[in-house]
Each structure stands twice: as structure tokens, then as C-alpha cells.
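The values are calculated or read from the model by the stated rules, or taken from the named source; none is laboratory data. Every value quoted in this text rests on a predicted model; they were computed, and no experiment measured them. No Cβ is skipped: glycine too gets one built from the backbone with ideal geometry, and neighbour counts run over all protein chains shown.
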Amino acid sequence: MQPFVDFDNVSLRYGGEENGLLALSDINLKVKEGEFIAIVGPSGCGKSTFLKATTGLWPVTSGSITVNQEKVRGPVNCVGMAFQNPTLLPWRNTINNVLLPLEVVQPQRSMWGRKRQDYIQSAKDLLEMVNLTGSEEKFPWQLSGGMQQRVSICRSLIHEPKLLMLDEPFGALDMFTREDLWVALQDIWLKKRPTIILVTHDIREAVYLADRVIIMAARPGRIVAEEVIPFERPRPLSLTFDSEFGKIFSSIREKITEVSV
């Protein structure tokens, strides 16, 4: 079976092929369709650059990336993205923030007039999955940070992307809100089964959510190890206190420490 995402000896320099900053070096990674992987590593290891390269927002210097059987040569249209900051439009209410991609992304944009009611129902279904039923008419300033991030995740999924890229989406939230959103994201993944690549500094988050954790080293960014996560799903939050969970957490932390010095 062909991988859904395939990095083949990828390197990326900012600022020129010879004298620019080498952000990624010789990245080789295969991600299966429907797989959930997390990328962890020290600051400056190129995690966010990895996302930009995967989605075609920044061209690679050498090697190649394939997504959904097509080589990446520009922005990839089968991708949904969510970031650390929700970036909701303040003049749009919750339901209209979720619907925004359908107004601008093809082919949904061309079908907006005749399928609008279907799209609205899809948005409501997503909001129900993250426990935001009843907040459809609220504006961002009326929502907590965690609620805004739930809306952001719904917006990233509304066009049913095959690949979901998450760039530290829970990093600015308190621990209790983060854990609630871990459970919500797991539920969404179990129901929708998109391929997910999560970038995070939180090892506990990575082990709880992912099928595999990819460990990167800094300067230049490169993959140095990976951990396969053996736990069955759905995973209860109590799993994070399990001794086997702790062993995997410690192993990943030790590897990150080794490549940070």
C-alpha cells in the first residue's frame, strides 16, 4: 500500500540553496492513510517547517514530498489546518466561522448556493461533536479560549480534508482545557479517520493521541527516532497515569534531551 504522506530524502533551506539556513535535513518519513502521528523535539528543530513543506506552503530544496499519490509542488487542497491561535474572524459568529472554508475552497465554493443548508448541518454536527451545540450564534469574544480552539478545529474539518495538520493547537490553553480537547480530538479522529500530523512540545499529549511519535533534533531539523504507541483506542485520560505510559514518556523525553545538548 502506498503511503498517504511520503517524505523522500527532503531538505529545506531558507534564504538560498547554498548559504541559507538549513531548516530540514534528509527527512525520510512515510505516513499511512488514517494514521495519527505526532512530531516532538526541541525548539528550532523544524517542526513547523515540516508542516509548511507538507502542505506546499514552502518549497523544498531537495528531495520530494508526496501527498495522496501526488507530488507536492504548491498548496495542497486536501489539507485542513489548525494553529496555536484560533484566528477566528471577530465579525463572524461560530457557525459562520466554521463555514468559512466552504465559501472559499473549491469545489465546495461553487456548490455553496445549492448546498448551503447541507453545509450548515455539517457544521452543526461538528460543533455537536466538540460539545458546542448552543453556541452557533456566539461571536469569538463570547467564547473561552478552549471553546475558540474547538471552533477552529471544526473549521479545519468542515471541508472533510483527508489530511489534518495541527501546529501546537492546544499550547496556549490550561491543562484541564487541553485534556478536554485531547478527548474531543480523539473522538473526532475515531469518527472521521483523517490522517493527522500533530506538532507539539507536549510529550504527554503526543503519547496520548498518536499512533507513532516522531522525534526530531535541532539545527538542522532531522528525524532521529520514533516510538510506536501500543495503546488501544479509545484511550481514557486515566491512561496517562499508567506505568507503561510513563515508560514511553520517559523514553521520548530522554531522546529529546540527548539531541538538545
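Taking the conditions (1) buried (at least 19 other Cβ atoms within 10 Å of the Cβ); (2) in contact (Cβ under 8 Å) with a residue 40 or more places away in the chain in turn, Arg150 satisfies each one other than (2).
This table checks each residue for (1) closer than 28 Å to Leu209 by Cα; (2) hydrophobic (A, V, I, L, M, F, W, C); (3) surrounded by 14 or more Cβ atoms within 10 Å (Cβ to Cβ).
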residue	(1), (2), (3)
Asn19	no, no, no
Cys45	yes, yes, yes
Leu51	yes, yes, yes
Thr55	yes, no, yes
Cys78	yes, yes, yes
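Can you confirm whether Ser122 is of a type outside the set (A, V, I, L, M) and either within 22 Å of Thr55 (Cβ to Cβ) or in contact (Cβ under 8 Å) with a residue 60 or more places away in the chain (or both)? No: the conditions fail for Ser122.
Looking only at residues that are in a strand (DSSP E or B) and closer than 18 Å to Val79 by Cβ in the range 1-21, which one is modelled with the lowest pLDDT?
The qualifying residue modelled with the lowest pLDDT is Leu12.
Consider the range 227-261. How many of its residues are over 18 Å from Gly44 (Cα atoms) and either outside any helix (DSSP H, G or I) or more than 21 Å from the chain's Cα centre (by Cα) (or both)?
Within the range 227-261, residues that are over 18 Å from Gly44 (Cα atoms) and either outside any helix (DSSP H, G or I) or more than 21 Å from the chain's Cα centre (by Cα) (or both) number 22.
Keeping to the range 101-147, report how many residues are surrounded by fewer than 14 Cβ atoms within 10 Å (Cβ to Cβ) and β-branched (Val, Ile, Thr). Counting residues in the range 101-147 that are surrounded by fewer than 14 Cβ atoms within 10 Å (Cβ to Cβ) and β-branched (Val, Ile, Thr) gives 2. Annotation: Ser156 fulfils all but one of (1) in contact with a Gly (Cβ under 7 Å, 6 or more places away or on another chain); (2) closer than 19 Å to Pro234 by Cα; (3) crowded, with 18+ Cβ neighbours inside 10 Å; the unmet one is (2).
For residues that are modelled with pLDDT under 90 and surrounded by fewer than 18 Cβ atoms within 10 Å (Cβ to Cβ), scanning just the range 85-100, find the one that is farthest from Pro169 (Cα to Cα).
Filtering the range 85-100 for residues that are modelled with pLDDT under 90 and surrounded by fewer than 18 Cβ atoms within 10 Å (Cβ to Cβ), the one farthest from Pro169 (Cα to Cα) comes out as Thr87.
Listed by position, the helices (runs of 4 or more DSSP H) inside the range 144-221 whose residues that are within 15 Å of Phe83 (Cα to Cα) number at least 1 are 145-157, 175-192.
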